[in-house]
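Notes to accompany the following structure.
The values are calculated or read from the model by the stated rules, or taken from the named source; none is laboratory data. Note that this is a predicted model, so its numbers are computed, not measured. Ideal geometry is used to build each Cβ from the backbone, glycine not excepted, and the neighbour counts take in all protein chains shown. These area figures cover heavy atoms from the full protein model, side chains too; ligands, DNA and RNA do not enter into them. Shrake-Rupley method; radii C 1.70, N 1.55, O 1.52, S 1.80 Å.
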Amino acid sequence: MALVTTKKMFDKAFQGKYAIGAFNINNMEIIQGIVDGCKTKNSAVILQVSSGAMKYMRPDYLKALAEAAAKESGLDIALHLDHGDSLDLVKKCIEVGFTSVMFDGSHYEYEENVKLTKEVVDYAHARGVVVEAELGKLAGVEDEVKVAAHEATYTDPDQAVDFVKRTGVDSLAIAIGTSHGAYKFKGEAKLDFDRLETITKKLEEAGFHNYPIVLHGASSVDQNFVKMCNDNGGEINGAKGVPAEMLRKASAMAVCKINMDTDIRLAMTGSIRKYLAENPSQFDPRKYLGESRKNIETLVEAKIDEVLGSANSMN
Ligand SMILES: [Zn+2]
């Protein structure tokens with residue numbers, strides 16, 4: 001099985017009222033944990049890579065591991081660039097074999113975002129690759145992207161329609177209250193479902209039938225893994241995410257892709273901390289990395305059931 005684009009995945013997800021999980025990858029154990037969980041649930045999946053992760057993994061290893069995952073699992077797997085910041089990076093990723101790229105021009109002025117996104121779309125479409133873009137600003141921190149809470153702005157529905165029309169982008173990440181990183185909310189999490197519904201309705205009226213929406217910053221920040229870190233020497237204080245029920249509601253609406261990075265990181269780090277704390281004389285990396293791979297698998301299975309609803313999407 002070769003890597004696939006997200007086109008068919010999103011069509012099915014929209015109609016089936018579920019979303020595809022987009023998990024950030026950094027190494028082999030993370031990839032295997034994610035894909036093993038998806039295999040058990042018979043679910044399609046998006047493996048996504050930030051520019052930082054691409055540097056860390058190195059393009060040749062990344063490509064070989066992603067292709068191995070698709071081959072071994074037989075699942076539909078898309079390899080996606082998360083938060084691409086330039087056409088040059090997009091070109092590099094397409095050369096490596098990515099099937100989907102995000103261009104994030106959300107920090108530019110609107111007209112500049114339209115212009116740059118359109119350039120990326122034209123380039124990618126000519127090569128059979130799909131594009132995700134972003135409109136509105138999410139608060140929080142993700143790799144090289146930092147936005148203060150007071151600078152965050154929700155996506156304007158009319159602008160979303162104009163943007164999709166003018167850029168031809170395949171899916172759109174919107175800001176409706178999710179946030180990047182482990183420290184998402186001071187008070188209670190709140191998602192603007194009315195805004196999501198309005199955006200979908202206006203897109204539909206403009207002729208964009210079943211248009212896929214993307215949610216970034218959608219980790220639930222599983223308190224079990226936060227506790228696992230903190231009980232074993234970690235200091236992760238006040239971390240809070242988006243409740244699974246809210247995300248499941250969004251995935252039953254137009255949201256077809258839900259990004260989760262923090263939860264994977266916490267599962268891996270918590271598992272390693274716990275294993276080493278409980279087995280101080282152990283020094284075989286396969287033991288603690290194997291333990292973290294197992295916990296990531298379990299986490300992904302739970303995400304498929306509680307957040308995404310994508311079990312048996314391969315059928
Ligand atoms: Zn993001």
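For D85, are the conditions met, namely being within 15 Å of the ligand (Cβ to nearest atom) and over 20 Å from I199 (Cβ atoms)? When the stated conditions are applied, D85 passes them. Just one of (1) under 20 Å from the mean Cα position of the chain (by Cα); (2) modelled with pLDDT under 95 fails for N224. It is (1). Within region 88-99, how many residues are within 16 Å of the ligand (Cβ to nearest atom) and surrounded by fewer than 17 Cβ atoms within 10 Å (Cβ to Cβ)? Count: 0. For residues in region 58-75 being in contact with a helix residue (DSSP H, G or I) (Cβ under 9 Å, 6 or more places away or on another chain) and touching a residue at least 60 places away in the same chain (Cβ under 8 Å), which is surrounded by the most Cβ atoms within 10 Å (Cβ to Cβ)? Looking at residues that are in contact with a helix residue (DSSP H, G or I) (Cβ under 9 Å, 6 or more places away or on another chain) and touching a residue at least 60 places away in the same chain (Cβ under 8 Å), I get A66. Do the conditions hold for E235, that is, is it assigned to a loop (DSSP other than H, G, I, E, B) and of a type in the set (D, E)? Against the criterion (assigned to a loop (DSSP other than H, G, I, E, B) and of a type in the set (D, E)), E235 qualifies. Consider region 241-285 and keep the residues that are in contact with a Cys (Cβ under 8 Å, 6 or more places away or on another chain) and within 18 Å of A302 (Cβ to Cβ). The one that is farthest from the ligand (Cβ to nearest atom) is G270. Here K55 meets each of (1) of a type outside the set (A, V, I, L, M, F, W, C); (2) under 17 Å from K257 (Cβ atoms); (3) open to solvent by 10 Å² or more (accessible area, probe 1.4 Å) with one exception, condition (2). A count restricted to region 31-52 and to residues that are farther than 12 Å from T298 by Cα and open to solvent by less than 10 Å² (accessible area, probe 1.4 Å) stands at 8.
When region 198-218 is filtered for residues that are within 22 Å of the chain's Cα centre (by Cα) and either of a type in the set (S, T, N, Q) or surrounded by fewer than 22 Cβ atoms within 10 Å (Cβ to Cβ) (or both), the ones remaining, listed by number, are T200, N210.
Would you tally the residues in region 76-87 being under 13 Å from I25 (Cβ atoms) and open to solvent by 20 Å² or more (accessible area, probe 1.4 Å)?
First, pick out the residues of region 76-87 that are under 13 Å from I25 (Cβ atoms): 77-82.
Of the ones still in play, those that are also open to solvent by 20 Å² or more (accessible area, probe 1.4 Å) are none.
The number of residues fulfilling the criteria is 0.
Tell me yes or no: at least one residue of region 219-232 is closer than 28 Å to Q15 by Cα and either surrounded by fewer than 17 Cβ atoms within 10 Å (Cβ to Cβ) or away from the ligand (no atom under 16 Å from the Cβ) (or both). Within region 219-232, none of the residues are closer than 28 Å to Q15 by Cα and either surrounded by fewer than 17 Cβ atoms within 10 Å (Cβ to Cβ) or away from the ligand (no atom under 16 Å from the Cβ) (or both).
Restricted to helices (runs of 4 or more DSSP H) entirely inside region 1-85, those with at least 1 residues that are among the hydroxyl-bearing types (S, T, Y), at pLDDT 95 or above and within 19 Å of R293 (Cβ to Cβ) are 28-41, 51-57, 59-73. Of the strands (runs of 3 or more DSSP E) contained entirely in region 100-197, those carrying at least 3 residues that are at pLDDT 90 or above and either open to solvent by 50 Å² or more (accessible area, probe 1.4 Å) or within 22 Å of F14 (Cα to Cα) (or both) fall at 100-103, 130-135, 171-174.
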